[in-house]
Amino acid sequence: MLEFASRRSPVVCTGGCTASSQPLATGAGLDILKKGGNAADAAVAIAAVLSLTEPFSTGIGGDCNCLFYDTKTQSVFGLNGSGRCPQALTLDLLNSEGFDEKNPLPSVHANLVTVPGAAAGWCDTVSLFGSKKLSLAEILQPAINLAERGFPVTEITAFHWERGASILQSPGNPHGKDLLIEGRSPKSGQIFKNPLLAQTFKELAQFGKKGFYEGRIARAIVDIIKKNGGVLSLDDLKEHISTEVTPTFTDYKGVRIWELPPNGQGIIALMALNMLERYNIKELGHNSADYIHLLVEAFKLSLADGSWFCADPTKVQVPLNELLSKQYCQQRSQLISLQRASSQCLHGNPCEASGDTVYFTVVDEEGNACSFINSNCLTFGTGLVPEGCGFTLHNRGFQFSLGAEHPNSLAPGKRPCHSIIPALATSSATGQLLCSFGVMGGIMQPQGQVQVLLNMMEFGMNPQEALDAPRFRVEYEKPDGAWKLSLEEGISQLAAQDLITRGHSVSWPVSGHDRSLFGRGQIIAKGMWWKLWPVLTGEDNPGVLWAGSDPRADGCAFGY
């Protein structure tokens, strides 16, 4: 049985700070800071190393999104690094092959590969937000070095690698062996090398985005997809671009929480916070039955809205301002019963009113922050490995709806609903950075963000304590058509029994490696603002950084 009880203190420092789910990645980011890079540069270095060390969760064959806080202007910027549906892929084509809403594509199908956006996202993060002191080659060099000389696989990483290895061993995936050792996943402590991934990084460093979206790598991507029945083309890759976007936010009791707008699901967290704002959260007691019930009911409502409205706003109308209005969210919150669990999964209509991933974060010495998330979607994505490239291709198209009337229905050139959501928190009054934070894990991400944020704001926990605390997760299960509530070990049996009496379908206690269900988060905070909230005076020594890293992963926070 894997022990998750954390005995860590928060990392406290005054220079730069990095936090990720893997120590080598955290260290690589810190090295970039010490060489003169800023938070954006370090985040890309971490993303590259995690592509090597956690290939089941993330990779250059997936997507990325980021938020960047500019300390000089106290402004927050966003980059949508998600890819789009192939131009040749239509609902009619899938219907002709026997796939529809009731019979969706299997999770490893090649037609679930939307254009991988990570490579462009890394390049654009550096060009838009980077220090301009380091080249992309210098930023990628730590990952290149590790890929060539090898790294020792950590315990939790080895477990998840083995659990997903079967899709790398399938007959239609001849190059899956490139992510295995003698046909098997690496064991804990075993050295794993990936020279093919090192070469991919070298080509990206030398040629920029063209090195990935045109030429050898692009041809290898298209080749493996077409051999497995997919339709992604060289033109789809060549035409891909990231999008600089205006982040969206809500104010919760004096703290402004920032998210990327749809096609991302960040609005789910913001809507839930708007619904919870009118309650005395602290009075309910941390992880009590009353507390969990209230949050779960708010999550159900925001998840129902999000599952309908989180779509590509360039293709369909998304009523973003209406969804995030305090009036609409308060109306939705009136549907919450404090005594009984709801059983429906119905979205509202605000216009009538007057899943695997890695998350990491960096704050540099100047006070800039980069909240970054990179993902394969499900474990190893499709598992398909392009020849000579050293990475798997994701399956983000899994999040499209195959219903023609759904806002998030699959269509050529369209971005799917996206679960990966980096977050930032600033002072509503002053614009001062409070923390850069996030929790990975599919639909757990908005739920995890709200839980760790309330752990700090309402219950005075430091960043490490906020991540250590037991979490819960609610999800709507098909085809059962029912809500399931999972409670992590550490939540009391008394609370679990109380929740059952209120009508929740409860799984308790979730322990060991199964705790991956609750995601893995990272937090870097400026000053002890959570101790002074709700009165943020500016006297909390904001020059000190406080960082935490989730005990459900192998990672850590470093600082100097």
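The values are calculated or read from the model by the stated rules, or taken from the named source; none is laboratory data. Everything quoted here is computed from the prediction, not taken from an experiment. As a convention, Cβ positions derive from the backbone with ideal geometry for all residues, glycine included, and neighbour counts pool all protein chains shown.
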Name the strands (runs of 3 or more DSSP E) wholly within segment 435-513 that hold at least 2 residues that are more than 22 Å from the chain's Cα centre (by Cα) and surrounded by fewer than 22 Cβ atoms within 10 Å (Cβ to Cβ)? 506-510
Tell me yes or no: at least one residue of segment 381-394 is hydroxyl-bearing (Ser, Thr, Tyr), touching a Pro at 6+ places or on another chain (Cβ under 7 Å), closer than 28 Å to LYS35 by Cα and outside any helix (DSSP H, G or I). no
Buried (at least 24 other Cβ atoms within 10 Å of the Cβ), more than 28 Å from LEU52 (Cβ to Cβ) and not basic (Lys, Arg), is that true of PHE400? yes
Given the residues GLY208, GLY172, which is the only one that is modelled with pLDDT under 95 and surrounded by fewer than 21 Cβ atoms within 10 Å (Cβ to Cβ)? GLY172
I'd like to verify a number: residues in segment 527-560 that are under 15 Å from GLY460 (Cα atoms) and modelled with pLDDT of 90 or more, how many? 7
Among the numbered criteria (1) under 16 Å from ALA553 (Cα atoms); (2) buried (at least 24 other Cβ atoms within 10 Å of the Cβ), which one does GLY62 miss? (1)
State all residues of segment 231-250 that are charged (D, E, K, R) and surrounded by fewer than 17 Cβ atoms within 10 Å (Cβ to Cβ); if no residue qualifies, say none. ASP235, LYS238, GLU239, GLU244
Going through segment 141-166 in order, the residues found to be of a type in the set (A, V, I, L, M, F, W, C) and outside any helix (DSSP H, G or I) are PHE151, VAL153
Given the options ALA45, ALA88, name the one that is surrounded by fewer than 24 Cβ atoms within 10 Å (Cβ to Cβ) and of a type in the set (Gly, Ala, Ser). ALA88
Any idea which of GLU387, GLU322, GLU352, GLU405 is at pLDDT 95 or above and surrounded by fewer than 24 Cβ atoms within 10 Å (Cβ to Cβ)? GLU387
If a residue has to be part of a loop (DSSP other than H, G, I, E, B) and of a type in the set (D, E, K, R) to count, how many in segment 311-341 make the cut? 3
How do the strands (runs of 3 or more DSSP E) wholly within segment 198-276 filter down when requiring 2 or more residues that are of a type outside the set (Lys, Arg), in contact with a helix residue (DSSP H, G or I) (Cβ under 7 Å, 6 or more places away or on another chain) and within 30 Å of LEU434 (Cα to Cα): which remain? 248-252, 255-259
